[in-house]
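One structure is given below, encoded as structure tokens.
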Amino acid sequence: MGVSLALLGLLAFAAPWLAARLQQRFGYLAALVSGGTFVWFALQLPHVVGGAERLEELPWLPTLGTTLSLRLDGLSLTFALLITGIGALVALYVVGYLENHPRLPRFWTSLLLFETTMLGLVLADDIVLLFVFWELTSVSSFFLIGFADERPRARANAQQALIVTVAGGLALLVGLLLLAQQQGSFRLRELVTMGSLQPPETLITVAFLLILLGAATKSAQFPFHFWLPNAMEAPTPVSAYLHSATMVKAGIYLLARLHPVLGSHPWWQPSLLTLGLLTALTGAALAIPQRDLKRLLAYSTVSALGTLVFLLGLGDAGVKPFALFLIAHALYKGGAFLAAGAIEHVTERRTLDALGGLWRTAPVLAGATGLVVLVAAGLPPTLGFVSKEAILELGVETLSPLLLLPLLLAFVGQTTVAWLLLRPLLARPPESLHLHHAHWFSLLTGPMLLGLIALGGGFALDPLRSLIAAVIASVQGATPPPVKLTLWHGFTVALGTSGFILLSAGLIAAVWPRIAPVGDRLAITEPLAERPRGLGRLAPERGYQSLMSMVLRFADVQTRLLQNGYLRVYVTVIVATAILLIIVSVLRSGLTIPAPLPPLTIVDLLDAVLVLIIIVSSFVTVRATERLVAVAALGALGFSLALLYARYGAPDLALTQVLVDTLTVVLLVFAFYRLPRYAQLSSTPARIRDAVLATAFGVVMGVFALLVHFFRYPERISSYFAEQVYEAAHGRNVVNVILVDFRALDTLGEITVLGLAALGVAALLAVGKGARD
Amino acid sequence: MEFLFAIMIGTLYGCSLYLLLRRSIVKLAIGLILLGNGANLLIFSAGGLVRGRPPLVPEDATSVPAPYADPLPQALILTAIVISFGVLVFAVALIYRTYRALATDDLDDLTATDRLGEVPEAAHQPVVPVGVSASNSQDGR
């Protein structure tokens, strides 16, 4: 497992070089690697079905209890097979679809990175690892949706998908950590075997809601479904792979994975059933009037995702149809997208009304599309039929009409979409429909193979049965009874319902030319406009729009407020914050002034005179009207300071201060000759205001300096230096030894800073020179 | 003495802040120097005031006889003095260039680059400084 991940990841990072070198042939390589991984996973099937899980573990952050641990059980195997299998077909498809695209290497990197992280996501056993992969799939999805970055809409929609899914990802992280903390383990397999607490703690409920939020955003559940149709800005292979077959199922994977832990939570069933049905209905209703092939399929994907969540909400009974529908949907929706992309590629059209007659003009393409339609519509003997029968059987037998009716309506919508895919094949060909040259092998292998697998799946029920059993084992957290799976049930109520769905969907598809204009009038067939009309005004996407514009407005206001260009405002904010922090930390430190004050140093007359000179010179620099007066006062201040240092046991400081002060005075005298006058620019009120602030700052710092004396911390590092200076460093001057020995690296940093300052000065002065020549 | 030091430190901090808040760009530089001195003195006095006992190991001993002035703040200040000198030199050079390029020493005139949605005027057409020939006016780039 780890090897397959590493192999795919390596290929992703090698793509920029390899793809530039191999050009189109890189696609075959990617398909080969992906296909090889698929075969490896397929070979694991007997082990996993036999109940033997594969575990791989590498320590990662042992102190935090997280490990790079991977686990292969029925659920992750199913997903891994879909990811690598469809990944291989999509890689093959890209060869023809993005033929001679100039930015192909970049595309391959993102796509393979996605495949790696998605595979990691379903294999991860550590929840931190799972989260990391989860976010990485969002990031690679961002790059893929925004691949045509010259289009503003592609950029905006990529951003939308990223923000929605990552925001949900943050909720998920908190939820997962809460869950792990409550249950005391970061390992999914341990969490699962633990089962759930009865009755659940409040924190578990919070964790469940957060995890549900994360899953709902990722899997495009209502009201977050809007990002998925918008994600159709991505190249079609991406839509087929990420936005129908794999990534959008990550949320559903997570819910299925956590079913043993959270499934018995009293909120699980009502929330998942409601969420699933709402999504299934919204998707189905919005799908039917769409004119754009990809938006049509995207909304039907939303509907299917809702159905999957609904099935999970049904509890143990829903797991078998869930697993069947998961596989069937990935096969036919991936195939449908690939077929739609092929149609678009050869006709350069994507709207339903502008297509027709492909049955005659492109029979192979039409055959592949038709095959996919058979599965999508759920006609016997395909896997689509098996999965739909399983769902309907469960629905007719156990569900109340309140739940059954919306489910049936959603199915009618999804089946209508399947029938609508026949329009490009059978409708009267519009004039001027030309077919362009295409790389048929690459474009049609994918949909053909996916269709054939789904067709053959109806007959080869034995391997499927064991896979489903393995999925049920992982989702229910217990070994299930043998799975009943037959192609033909005889004439049952479910079969009748199925026929009714097919018929009514067919009718709707037949009158579609009358439905689509209604969709136009309601403004649901186009991407949401800046100023929405019709039903668009009620779209949940409006919430996203207004949230984003609020963020921008807030950023604008606070930038104007804080970053207004006036240096004194910045200084004021910084100083005010510093004053506040000092006051708060002194008050909160809980230190009290010792009752007899510690002994103070006796006032010495000479020292007092020096202090007085410093104080007076400070005021002189402030009050001076001439530059030279200010510089002279600075000089007096600096030399008095040096003397003070010398008297209080710091000869080195005194020397340095004298040197630096001399240099400063010399520099200022020379420089000021070229600098502006010592002007008084502020108004009197401004000066008074600043004086008040400055006095406050001075008082606070003075009091702080005094307090430091009283609160001095007894244990000092200095005594170590003073003891070791001769023994360890063979020096007699402690300050010098600290600088060049104990803390030599700091001094190196200091020298670097000085060097950089010198470079900066040289550069600043050199700028003028060049212009003058 | 500690009280005198505290007053001195407060004065240095207060005066430096007052100068930093001025619109004149030269006063900003002076304010920086005062601020550096004030901070150094604060660190120095935080280590405790010990008069006339530098942290030196005498010829006939292997460690510093107590009491002695705290060497650690001294090492810190030594670094700080040098760094603040570097900062000062850089600031003076920057002020010089700014003045040459934009012909103003009023910080309130130097707000253009921080404004939202406005391209700084200087980026388009450098203002010809007073008393500087036109050939110098590209300095600001």
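Comparison of A:A328, A:A304, A:A317, A:A362 shows that the only residue that is more than 28 Å from A:L425 (Cβ to Cβ) and either buried (at least 24 other Cβ atoms within 10 Å of the Cβ) or over 30 Å from the mean Cα position of the chain (by Cα) (or both) is A:A317.
Taking the criterion of being touching a strand residue (DSSP E or B) at 6+ places or on another chain (Cβ under 8 Å) and open to solvent by 10 Å² or more (accessible area, probe 1.4 Å), the residues of the stretch A:279-298 that qualify are A:R291, A:D292.
Scanning the stretch A:639-659 for any residue that is of a type outside the set (D, E), farther than 18 Å from A:V611 by Cα and crowded, with 18+ Cβ neighbours inside 10 Å turns up at least one such residue.
Quick grid of which residues meet (1) within 30 Å of A:A240 (Cα to Cα); (2) of a type in the set (D, E, K, R):
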position	(1), (2)
A:L144	yes, no
A:R151	yes, yes
A:A156	yes, no
A:Q159	yes, no
A:V166	yes, no
A:V174	no, no
A:L179	no, no
A:F186	no, no
A:R189	no, yes
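If the condition is being open to solvent by 60 Å² or more (accessible area, probe 1.4 Å), touching a helix residue (DSSP H, G or I) at 6+ places or on another chain (Cβ under 7 Å) and not basic (K, R), then the stretch A:664-678 contributes only A:V669.
Check A:F704, A:F710, A:F697 and return the single one that is modelled with pLDDT of 90 or more, within 28 Å of B:Q74 (Cα to Cα) and assigned by TED's automatic domain parsing to the domain that holds A:D652.
Details: A:F704 fails: modelled with pLDDT of 90 or more; A:F710 fails: modelled with pLDDT of 90 or more.
Residue meeting the stated conditions: A:F697.
Condition test on A:T116, is it hydroxyl-bearing (S, T, Y), in a helix (DSSP H, G or I) and open to solvent by 10 Å² or more (accessible area, probe 1.4 Å)? In short, yes. Filtering A:V192, A:V206, A:V261 for residues that are without any contact (Cβ under 8 Å) to a residue 60 or more places away in the chain and either over 27 Å from A:L528 (Cβ atoms) or not in a loop (DSSP other than H, G, I, E, B) (or both) leaves a single hit, A:V206. Can you tell which of B:G31, B:G14, B:G10, B:G52 is farther than 19 Å from A:V692 by Cα and either at pLDDT below 90 or not hydroxyl-bearing (S, T, Y) (or both)? Step by step, each of B:G31, B:G14, B:G10, B:G52 is checked, and only B:G52 is farther than 19 Å from A:V692 by Cα and either at pLDDT below 90 or not hydroxyl-bearing (S, T, Y) (or both). When the residues of the stretch A:557-591 are filtered to those that are open to solvent by 60 Å² or more (accessible area, probe 1.4 Å), in a helix (DSSP H, G or I) and not aliphatic (A, V, I, L, M), the one that is nearest to the other protein chains (Cβ to nearest Cβ) is A:R560. Just checking, does the stretch A:609-632 include any residue being touching a strand residue (DSSP E or B) at 6+ places or on another chain (Cβ under 8 Å), at the interface with another protein chain (Cβ under 10 Å from one of its Cβ atoms) and not in a helix (DSSP H, G or I)? No, because not a single residue in the stretch A:609-632 is touching a strand residue (DSSP E or B) at 6+ places or on another chain (Cβ under 8 Å), at the interface with another protein chain (Cβ under 10 Å from one of its Cβ atoms) and not in a helix (DSSP H, G or I). Selection of the stretch A:673-692 for residues being in a helix (DSSP H, G or I) and facing chain B (nearest Cβ under 7 Å) yields A:D690, A:A691.
The values are calculated or read from the model by the stated rules, or taken from the named source; none is laboratory data. Treat the numbers as computed from the prediction; the structure is a model and nothing was measured. Note that each Cβ is placed from the backbone with ideal geometry, even for glycine, and that neighbours are counted across all protein chains shown. For accessibility, only protein heavy atoms count, side chains too; no ligands or nucleic acids. Shrake-Rupley method; radii C 1.70, N 1.55, O 1.52, S 1.80 Å.
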